[in-house]
Amino acid sequence: MKSKKQKMIDVLLKNANPSIKRRIKSEILHNLTAEEAALYQEQIIQEEMVQRVIACQQDNGWIGKSLHGGLDTQEGGTKYLAEKALDKETPVLKRAMDAFASIPLNDFCYDTRGKIIDEFKVTGHGHNLIRCACIARAGYDDVIDISPQIQLSLDCFRRVLEVDSVLDITHPIRGGKQLVFNDYEKWPCRYHLDILAHTSSWKNQQNIKMISDAITKLMKRDRPELVNLVPSSWVGYPLGPLGAFPAQGLTVKVTCLSPSLMSIPYRNRPEVYQLEYIEWFSRCGVVKHIPALREVVDDIMRTVDDEGICHAPILELKDWGPYCGFRLEKDWKSKTRKACDITFRALLIQHYANEEG
């Protein structure tokens, strides 16, 4: 009898688009042939959304006119191309990475009017942090050195375990009405997790266990004053961080899109799974050490039917933006295309959550 995982693979190889088929063969089955790779590459590069990204690329390699945003920006464009499984040497992706390597951080294309926001001084912020997450997602960390930011990401999770709570590394402003992080402090955010999820040089049992312990602590809810508390960053003025994790109450079940991993009631909507974050935790190898996340993965797999299609209740993110993006099919007008996208992410979660090493 076929396992659920095999049934998922079978239904996707039959119905999904070339990007999903290629990634299954390369990431999960490890049996992608050179002929298949060439065929998939040719098919993917011709897709309308990929061509839209290519059309946005400027002469210097930068995609669009901004860094932070959707498909028509350097961040959204490069992450989408990487998720679509284009070859690393594909001109549009290589030129975008060359732009990251050559364009200085004070260039106006970074959206900061020439000001450099130091990601080591301002936790949860810094356009170089976004840049490094894009490089990691594209698999270019072996070409462009982002090792300092990988270490920073580890240190931010480690800091959770070194302090009693986020209150120890913040200070109040505006008469105590708002909390901001102290300069040169550390606290994990969406981009730190993104960097770790898409690199492997940091992976050893000690680091994986450390991140697991930090996440377990962040998932606690025994101190009401800390639940869903996300301090601001100070960039000359208080600014919401790039998806910093809450002091407590971290969860992967949400009611709406929020950069931070916390449950916010929204229009009486039920809580559903945020697949992107679950996938990233799985890629980091922490699921096996965190019972609450293990139960999440098991729950998702329980919704896979006999045909191999996943029916988990998920946060439906049809578009790509700085805080969302996992749709690889061209649209969800077809139930089959929608099912392929959701089932593929569930397959990745199951695969990486149970991967040894």
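For the chain, a simple Cβ point-charge model (Lys and Arg +1, Asp and Glu -1, everything else neutral) yields a dipole of about 780 debye relative to the Cα centre.
Sorting the segments 19-30, 330-341 by their mean number of nearby beta carbons within 10 angstrom, highest to lowest, gives 19-30, 330-341.
When the charge dipole of the range 262-321 is built from unit charges on Cβ atoms (+1 for Lys and Arg, -1 for Asp and Glu) and taken about the Cα centre, the candidate among 275, 262, 300 whose Cα reaches farthest toward its positive end is 262.
Values of log10 I(q)/I(0) for the range 180-306 across q = 0.12, 0.17, 0.22 Å⁻¹ run -0.49, -0.97, -1.47, by the Debye formula with one identical scatterer at each alpha carbon and no solvent. For the range 69-213, the Stokes-Einstein estimate of translational diffusion at 10 °C and a viscosity of 1.306 mPa s comes to 97 µm²/s, using the Kirkwood hydrodynamic radius over alpha-carbon pairs.
Each peptide in 165-172, 249-256 gets a packing score, the mean of other Cβ atoms within 10 Å over its residues, and the list from highest to lowest is 249-256, 165-172.
Of the chymotrypsin sites (Phe, Trp or Tyr not before Pro) found in the range 247-278, those in coil by DSSP whose Cβ has at most 14 other Cβ atoms within 10 Å are 266. Remark on residue 170: its backbone amide H falls under 5 Å from those of 182, a criterion applied only to residues 5 or more positions apart or on other chains, H modelled at 1.01 Å from N. Over the range 314-357, with a single point scatterer placed on each C-alpha, what log10 of the ratio I(q)/I(0) does the Debye formula yield at q = 0.25, 0.32 1/Å? Per q value, in the given order, log10 I(q)/I(0) is -0.90, -1.14.
Taking GluC sites (Glu not before Pro) across the range 138-235, the ones in a DSSP loop with at most 15 further Cβ atoms lying within 10 angstrom of their Cβ are 225. Counting Cα-Cα pairs of the range 4-353 in 10 Å increments starting at 0 gives whole-percent bin shares of 5, 24, 34, 26, 9, 1, 0.
For the cross-link pairs 21/88; 65/335; 5/220; 84/318; 14/288; 220/318, the ones whose C-alpha atoms lie over 24 Å apart are 65/335; 5/220; 14/288; 220/318. For the range 1-147, the spherically averaged projection of the C-alpha convex hull amounts to 10.5 nm². Model label points for residue 60 and residue 209, set 7 angstrom from Cα along the Cα-to-Cβ axis, are 4.7 nm apart.
For the range 116-170, evaluate the Debye formula with one uniform point scatterer on each Cα (no solvent term) and list log10 I(q)/I(0) at q = 0.12, 0.18, 0.24, 0.29 Å⁻¹, rounded to two decimals. Each listed q corresponds, in turn, to -0.32, -0.65, -0.96, -1.17. For trypsin sites (Lys or Arg not before Pro), the sites in the range 257-292 that DSSP calls loop and that have at most 16 other Cβ atoms within 10 Å are 267.
Each reported figure results from applying straightforward, stated rules to the coordinates on display, with no laboratory input. The structure displayed is predicted, hence computed values, not measured ones. Heads up, the Cβs are rebuilt from the backbone with ideal geometry, glycines too, and the neighbour counts pull from every protein chain shown.
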